[in-house]
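S.K.: What follows is a single structure, and I will ask about it in a moment.
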Amino acid sequence: MSISPVSGLQAASIIVDPVAGKGNYTTIQAAINAASSGQTILIKPGTYTEALTLKAGVNLTAFPCDSVYALAAFPHNVVIIGKMTATYTGTVSISCLGLQTNGDYLIESTGSNAANLFVKDCDLNCINFSGIHNTNNSFGSIFSDCTADLGTTGISCFVYTGGTIYFYIMCFNK
């Protein structure tokens with residue numbers, strides 16, 4: 001008897017776990033560097049303090065059960081503290097993650113590269129800096145089923161001077 005994979009589903013071939021030996025990598029950036037376009041990186045529960053450079057076609061996700069964005073009283077089990085730089089040409093998706101500022105933007109796109117970013121089921125926690133910064137007219141982003149929290153006055157979730165941004169079922173808290 002043979003079992004055929006269900007169309008559209010695939011196992012993650014790159015797994016990040018903060019505990020050495022429990023995944024392929026202990027840092028997200030090392031996994032991104034090793035990944036090829038079309039791969040999804042599964043991030044296991046933990047807090048990752050990293051500055052990331054996103055790569056076209058390489059997607060970041062946690063298991064949906066590790067993302068409890070709909071239940072604001074409970075923290076995410078997967079949290080990335082730091083900045084993601086979008087200098088790629090192409091598309092990236094990020095899902096089921098807690099994103100937190102660390103004295104800089106969560107995600108930044110400058111320049112003129114044609115890039116798309118899809119963010120779904122994430123919590124944008126802007127505790128000490130504005131969240132998303134974009135000055136790229138060729139950058140488009142969609143935020144779906146996310147929450148955005150501001151930790152202090154004088155900062156914003158989004159600073160956009162170019163490109164497009166769409167929100168679907170978004171909850172903004174202050």
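The values are calculated or read from the model by the stated rules, or taken from the named source; none is laboratory data. Quick caveat: nothing in here was measured; it's all calculated off a predicted structure. Cβ atoms come from the backbone with ideal geometry, glycine included; neighbour counts cover every protein chain shown. Ligands, DNA and RNA are excluded from the accessible area calculation, which covers all protein heavy atoms including side chains. Shrake-Rupley method; radii C 1.70, N 1.55, O 1.52, S 1.80 Å.
S.K.: If a residue must be in contact with a helix residue (DSSP H, G or I) (Cβ under 8 Å, 6 or more places away or on another chain) and within 12 Å of residue 101 (Cα to Cα), how many such residues does segment 117-174 contain? Give the derivation first.
M.R.: To start, the set of residues in segment 117-174 that are in contact with a helix residue (DSSP H, G or I) (Cβ under 8 Å, 6 or more places away or on another chain) comprises 121.
After this cut, where a residue has to be within 12 Å of residue 101 (Cα to Cα) as well, the list is none.
Final tally of qualifying residues: 0.
S.K.: Let me ask something else about it. Considering segment 25-50 alone, what residues qualify as being closer than 19 Å to residue 77 by Cα and open to solvent by 50 Å² or more (accessible area, probe 1.4 Å)?
M.R.: Passing the criteria: 25, 26, 27, 44, 45, 47, 49.
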